[in-house]
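The structure appears right after this line, and notes come after that.
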Amino acid sequence: MNARAMTWRAASFGVAAALVWVWQLIADLKLVSPVFLPGPDRAWASLMRGFTTGDLLEKLTGTLTHMVLGWFVASVAGIALGALIGSSRTMRAYLAPSLELLRPLPVSAIIPVAIAMFGLTEGMALFVIAFGAIWPMLLATVHGFAVVEPRLYEVARTLHMSRAAVIWKIALPSASPDILAGMRLSLTVALILSVVCEMLAGLDGLGHWVLLSARAFRSADLFAGVILLGIVGYLTALAMGMVERRLLIWRSSGH
């Protein structure tokens, strides 16, 4: 990490620290009732207590499981379908209207359908998470395959390569920046939908923890859950960014 990046990272942490200080000041002055706004000290104490003597670790594991499973299903389906559609001009022409019809469909409209099909179960959550997370990945993959240099396809035809070989050896490496960007965005969507499904279906996870804490006016526990969700989102985005830079190191070395 260069000096400029370290400076920006330090500045961002400085802003976060200032916001926490303002939050603590508001809580200490009781400008907002402590019933609704605990200080960061109380929220942090609740977070530590949840891990040491409570079941917060189980809730965290539940949310991570829902998120990763739904994201994995969406990744496999989105990349496979995106590769097939993106590598064929004919398929893009026929399927583009359908994709444009389904893409803006809000996931909230799918939840009642998923509940009718699967009930308030883990399967319902997996379906909703996968449906919501597939679109960034699918559309990014289609775009990545569609903009592959045409001369590469001409070379493949000259070498009499099969379609599978063309996808694996030529199109996939060229489309990988778009695919990885879509995967990173889909991971965030998967986390959000995991929390929503846990709240609606009462599934074991941080979403259920936050909902029960709000209903019981346990504001410190509620904010502890929200803080933990923020940490999960930040760390998963950071991890995906590291993986993306590692897999795309050839781009920087090629310049």
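Can you give me the C-alpha center-to-center distance between the range 214-245 and the range 53-126, rounded to a whole angstrom?
Spelled out, the Cα-based centre of one part sits 21 Å from the other.
Where in the range 108-132 is the amide nitrogen less than 18 Å from a point lying 7 Å along the Cα-to-Cβ axis of residue 215?
Inside the label zone: 120-122.
Each residue of the range 97-102 in turn: what ³J(HN,Hα) in whole Hz from Karplus with 6.51, -1.76, 1.60 and θ = phi - 60°, glycine and Pro shown as x?
Result, ordered by residue: x, 5, 5, 5, 6, 7 Hz.
Mind telling me which of 241, 182, 207 comes out most flexible in a GNM of the chain, alpha-carbon contacts under 10 Å?
Maximum among the listed residues: 241.
Can you bin the chain into rounded, prolate or oblate? Criterion: square roots of the alpha carbon gyration tensor eigenvalues sorted a ≥ b ≥ c, rounded for a/c under 1.5, prolate for a/b above b/c, oblate for the rest.
Details: a/c = 2.96, a/b = 1.67, b/c = 1.77.
Oblate shape, in that a/c is at least 1.5 and b/c is the bigger or equal ratio.
Taking the Cα centre of the range 23-124 as the origin, how large is its charge dipole in debye, to the nearest 20, when only Lys and Arg (+1) and Asp and Glu (-1) carry charge on their Cβ atoms? Don't skip to the answer; put the middle values down first.
Details: 7 positive and 6 negative charges, 60 e Å.
With Lys and Arg at +1 and Asp and Glu at -1, about 280 debye.
In the range 210-224, whose amide N lies under 14 Å from the spot 7 Å out along Cα-to-Cβ of residue 26? List them in ranges.
Only 223 fall inside the zone, counting backbone N under 14 Å.
Given R₀ = 30 Å, FRET efficiency for residue 9-residue 68 by Cβ-Cβ distance, to 0.05? Walk me through the numbers on the way to the answer.
Values: r = 27 Å, r/R0 = 0.88.
My answer for the efficiency is 0.70.
Between 0 and 90 degrees, rounded to the nearest ten: what's the tilt of helix 40-52 against the longest Cα principal axis of the chain?
70
Roughly how many debye, to the nearest 20, is the charge dipole of the range 61-184 about its Cα centre, given +1 on each Lys and Arg Cβ, -1 on each Asp and Glu Cβ, and no other charges? Working shown, then result.
Working: 8 positive and 5 negative charges, 68 e Å.
Around 320 debye, computed over the range 61-184.
If you fit an axis through the alpha-carbon atoms of helix 206-215 and take the longest principal axis of the Cα set of the chain, what angle between them do you get, 0 to 90°, nearest 10?
With both axes taken from Cα atoms, the answer is about 30 degrees.
Got a sec? How would 170, 79 order by Cβ neighbour count within 10 Å, fewest to most? Don't skip to the answer; put the middle values down first.
Working: 170 19, 79 22.
Lowest to highest Cβ neighbour count: 170, 79.
Under a 10 Å cutoff between Cα atoms, tell me which one of 159, 126, 139 has the largest fluctuation in the Gaussian network model of the chain.
Maximum fluctuation in the GNM of the chain, among the listed residues, is at 159.
Just 147, 15, 226 to compare: in a GNM of the chain, with alpha carbon springs under 10 Å, which one fluctuates most?
15
Given charges of +1 on the Cβ of Lys and Arg and -1 on the Cβ of Asp and Glu, with all other atoms neutral, how large is the dipole of the chain about its Cα centre, in debye to the nearest 20? List each step's numbers first, then the result.
On the way: 19 positive and 13 negative charges, 148 e Å.
Charge dipole, the chain, about its Cα centre: 700 debye, nearest 20.
Every number in this text was worked out from the coordinates using simple rules, so none of it is lab data. Note that the structure is a prediction, hence the values are computed from the model and not measured. Here Cβ is always computed from backbone atoms with ideal geometry, including for glycine, and neighbour counts include all displayed protein chains.
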